[in-house]
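Quick notes on the structure that follows.
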Amino acid sequence: MMIHADVVAQAQERRKAFCRKWRLKCRAVADNLEEAGTPSFCVNRGIRRG
């Protein structure tokens, strides 16, 4: 899963929204993401374009 955001708080909120969406569509996907937890979540402060 790749989430694009400018700040960590924004990325965390988008991850929560993604999990809520998938909880409704397929509980197994949401359970897997929650099981993976925060270690699977990272922030890349790469090169900005534009």
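Please work out which one of (1) in a helix (DSSP H, G or I); (2) modelled with pLDDT under 85 is the condition A28 fails and give its number.
The single condition A28 does not satisfy is (2).
Quick one: what pairs do we get from region 9-23, first residue in contact (Cβ under 8 Å) with a residue 12 or more places away in the chain and of a type outside the set (A, V, I, L, M), second part of a helix (DSSP H, G or I) and surrounded by fewer than 12 Cβ atoms within 10 Å (Cβ to Cβ), C-beta under 7 Å, 6+ apart or different chains?
C19/E34
Considering only region 36-48, state which residues are modelled with pLDDT of 60 or more and over 13 Å from the mean Cα position of the chain (by Cα).
Hits for region 36-48 are R45, G46, R48.
The values are calculated or read from the model by the stated rules, or taken from the named source; none is laboratory data. Computed from a prediction, not measured in an experiment: that's the story for all the values here. In this analysis, Cβ positions are derived from the backbone assuming ideal geometry, glycine residues included, and neighbour counts consider all displayed protein chains.
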